[in-house]
1. If I go through segment 29-61 residue by residue, how many of them are over 27 Å from residue 224 (Cβ atoms), buried (at least 19 other Cβ atoms within 10 Å of the Cβ) and of a type in the set (Ser, Thr, Tyr)?
2. When you go through (1) within 21 Å of residue 176 (Cβ to Cβ); (2) under 19 Å from the mean Cα position of the chain (by Cα) one by one for residue 247, which number turns out not to apply?
3. Here are the criteria: (1) out of contact with any helix residue (DSSP H, G or I) (no Cβ under 8 Å at 6 or more places or on another chain); (2) among the acidic types (Asp, Glu); (3) surrounded by 14 or more Cβ atoms within 10 Å (Cβ to Cβ). Tell me which single one residue 175 does not satisfy.
4. From 165, 176, 223, 193, which residue is more than 19 Å from residue 262 (Cα to Cα) and over 13 Å from the mean Cα position of the chain (by Cα)?
5. Looking at segment 226-241, which of its residues are part of a loop (DSSP other than H, G, I, E, B) and over 16 Å from residue 179 (Cα atoms)?
6. Specify the residue that is surrounded by the fewest Cβ atoms within 10 Å (Cβ to Cβ); the eligible residues are those in segment 243-267 that are modelled with pLDDT of 90 or more and over 11 Å from residue 211 (Cα atoms).
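The values are calculated or read from the model by the stated rules, or taken from the named source; none is laboratory data. Just so it is clear, the structure is predicted and the values come from calculations on it, not from any experiment. Because the Cβ atoms are built from the backbone with ideal geometry, glycine has one as well, and the counts that use them run over all protein chains shown.
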Amino acid sequence: SGMGNPITAAIAKPLADAIVDYDLGPRVQGLAGTVMASFGVAAGAASGNVLLTGLSLDQMYAQASMAVFGTPAATVLNRGLQEGLGLSPAGAAMGEMALTMGAAAGPAVVSALRSRVAITLDGVAAGSANSGPVLGGRGPATAWRGFDETLAGGPVRDFTTDGVRISQRGIDVVERHVARFGADDANNVMISRLRQIAAGQISPAEQDLNFYTHELREFVRYRKMGWETGVPHNPDQARQLWLQTHSASLADYNLPLKSENLLYHPDALKVMGW
């Protein structure tokens with residue numbers, strides 16, 4: 001009964017995943033989160049678990065606020081953890097999850113919490129960022145400690161380039177996305193190749209498909225973290241956001257950590273000095 005009911009889990013988990021995957025917007029996320037948190041209230045009340053009931057009511061209020069106003073709202077517990085213990089938003093959110101699971105919360109509330117964490121984190125991981133310029137598909141990937149899917153715009157998926165069709169509309173998205181990192185000759189070479197492919201002038205190489213799908217996926221992850229355009233003004237925050245999203249985007253298409261020769265055509269590699 002309650003949160004542990006397999007029927008409840010079967011409904012709540014796919015709903016939470018669909019909200020995150022399809023980026024349905026904060027109001028829809030808040031409405032769904034309100035419904036899922038209500039399962040926790042019911043389970044807590046049915047089992048006499050005061051802690052679970054209180055946590056779920058707190059979460060339900062925050063989710064309902066987001067559904068009404070369209071902006072993420074911190075729970076009372078989240079604010080208390082930040083102000084009382086000096087935790088970051090990410091740390092406070094993880095604390096909420098630990099307390100809720102410790103109170104025997106089931107899949108629905110956990111999924112609701114995971115969904116809210118994914119849209120409220122600021123994309124900043126603890127620790128200093130690696131040095132070097134951010135250049136879209138090029139640079140270090142996950143060969144560093146601190147990678148976290150919740151800071152990368154959601155869980156890693158299992159995608160393939162099979163059947164991918166390169167379109168002018170998709171290229172426009174890629175071009176806008178990489179432009180946020182500044183001018184780069186190698187990226188320009190790849191975008192020029194994509195335009196030729198879409199026009200039927202040349203056939204796509206493996207690197208063209210990898211670059212195209214990687215940058216589109218990276219754009220989705222940036223957007224889910226609240227950065228449809230631009231980058232954080234703080235250089236360390238900008239680098240951490242890129243490290244997280246870039247790493248996850250590589251993993252989405254099962255690309256290795258060092259992927260320059262898989263993302264960039266030999267013509268672009270020449271520009272990079274390879």
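1. 1
2. (1)
3. Here residue 175 meets the rest and fails (1).
4. Going through 165, 176, 223, 193 in turn, the sole match is 176.
5. Restricting attention to segment 226-241, the residues satisfying the condition of being part of a loop (DSSP other than H, G, I, E, B) are 226-234.
Of everything in segment 226-241, those that are part of a loop (DSSP other than H, G, I, E, B) and over 16 Å from residue 179 (Cα atoms) turn out to be 226, 234.
6. Per the stated criteria, the residue is 266.
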